[in-house]
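Take a look at the structure set out below.
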């Protein structure tokens, strides 16, 4: 199984600074959340084990947040790691899908999108609680059906 840090490295490596595509902690958190959600929906297993919590500004993977919180609102540099070959073909396809669709949006747009997602709503109404794998799997399966129609 992968870690949230490996998934984050994948998205960080996809940045294109020369095109103005920079990754903040806020945006990274949302991409990692969407990756976990679609992975759960498609493969019925978690992509990584680290929990995701419902915070004021959307879903947050706390260990990942802690790693990058020193950057504040500034972009996170592109890591000097091999962030692609560690994933199998199926995982790579899901991460590519998430990046292609959600990576185009700003951090604030992603924050607003996650505020409409049932897993965040249910967990946040309980006061910064963990977003369960089951709630993410159930919700993102409905998103897959919507995409196919």
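Each reported figure results from applying straightforward, stated rules to the coordinates on display, with no laboratory input. Predicted model, so just to flag it, every value in this text is computed and none were measured. Virtual Cβ from ideal backbone geometry, glycine too; neighbours counted across all protein chains shown.
Screening region 47-149 for helices (runs of 4 or more DSSP H) wholly inside it with 3 or more residues that are under 15 Å from the mean Cα position of the chain (by Cα) and free of Cβ contacts under 8 Å to residues at least 24 places away in the same chain returns the ranges 89-102.
Looking across region 11-24, just one residue is under 20 Å from residue 47 (Cα atoms) and touching a strand residue (DSSP E or B) at 6+ places or on another chain (Cβ under 9 Å), and that is 14.
Determine, yes or no, whether residue 41 is surrounded by 23 or more Cβ atoms within 10 Å (Cβ to Cβ) and either over 9 Å from the mean Cα position of the chain (by Cα) or part of a helix (DSSP H, G or I) (or both). So residue 41 does not fit the description; no. If you go through region 16-38 and keep only what is surrounded by fewer than 17 Cβ atoms within 10 Å (Cβ to Cβ) and part of a loop (DSSP other than H, G, I, E, B), you end up with 20, 22.
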